[in-house]
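These notes are about the structure you will find just below.
The values are calculated or read from the model by the stated rules, or taken from the named source; none is laboratory data. Being a predicted model, the structure only gives us computed values, none of them experimental. Please note: Cβ atoms are built from the backbone with ideal geometry, for glycine as well, and neighbour counts cover all protein chains shown. These accessible areas exclude ligands, DNA and RNA; they are computed on the full protein's heavy atoms, side chains included. Shrake-Rupley method; radii C 1.70, N 1.55, O 1.52, S 1.80 Å.
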Amino acid sequence: MSTDTPSPDPAHAAARRARTFLVVVDDSAERAVALRYAALRALRGGGRVALLRVTEPVGQAEWANIAEMMREERRAEAEQLLQGLSAEVNRITGQMPVVYVREGDAREQLLALLGEEPGISVLVLASSGAAEGPGPLISALTGRYNRLLRTPLVIVPGNLTEDELETVT
């Protein structure tokens, strides 16, 4: 029996399931758009979502105990935020995301993570609609640091509505 459609290639199907859409979790309003886009793409096209939260490094503290306490507090806040976002991703995709928490400069930590984790297939960022530009991370990755980026970058307009996200994913 012959058919016009080729049989599914198991290697191709496995690669689709293995795709990971990374979202940088910052404090911007457009983060929600990037997260929803990545979750819908993972749901509809196969794959999973990963979340990266980069915390600010603790500055000079007179006592080591205070610096450590501040570091732990920032990490706990990051984990609490990621827990809520993970629940949202799980609600949409049916699976929990991979979660990364790092301390330092967001651009540096993002590039380091992408270099360390070859399984991350797509970086999803949402642009700001503000007059001052798309946002510092997008500006850096599409400008001066673009030569360091070896992962496809999807820039989602940060002002997309739920219906528009449904349509484009």
Requested in this report: Could you please find all residues in segment 87-135 being of a type in the set (Ser, Thr, Tyr) and in contact with a strand residue (DSSP E or B) (Cβ under 9 Å, 6 or more places away or on another chain)?
Outcome: THR93, TYR100, SER121, SER127
Report summary line: Considering segment 87-97, residues that are in a helix (DSSP H, G or I) and under 18 Å from ASP26 (Cβ atoms), and then whichever is most open to solvent (accessible area, probe 1.4 Å), we arrive at GLU88
Query raised in the report: Taking interchain pairs and intrachain pairs at least six residues apart, which have beta carbon atoms under 6 angstrom, with the first residue in segment 38-57 and under 16 Å from GLU117 (Cβ atoms) and the second part of a loop (DSSP other than H, G, I, E, B) and at pLDDT below 95?
Result: GLY47/ARG19
Query raised in the report: Looking at segment 31-86, which of the residues that are open to solvent by 40 Å² or more (accessible area, probe 1.4 Å) and closer than 15 Å to VAL154 by Cα is nearest to the chain's Cα centre (by Cα)?
Result: ARG31
Report task. May I ask you to say which residue of ALA42, ALA67 is at pLDDT 95 or above, among the small types (Gly, Ala, Ser) and in a helix (DSSP H, G or I)? Result -> ALA42
Query raised in the report: When segment 103-139 is examined, which residues are found to be under 16 Å from the mean Cα position of the chain (by Cα), open to solvent by less than 50 Å² (accessible area, probe 1.4 Å) and farther than 14 Å from VAL156 by Cα?
Result: ALA106, GLN109, LEU110, LEU111, ALA112, LEU113, LEU114, GLY119, ILE120, SER121
Requested in this report: Report those strands (runs of 3 or more DSSP E) wholly inside segment 98-158 carrying at least 1 residues which are under 17 Å from VAL54 (Cα atoms).
Outcome: 98-103, 120-127
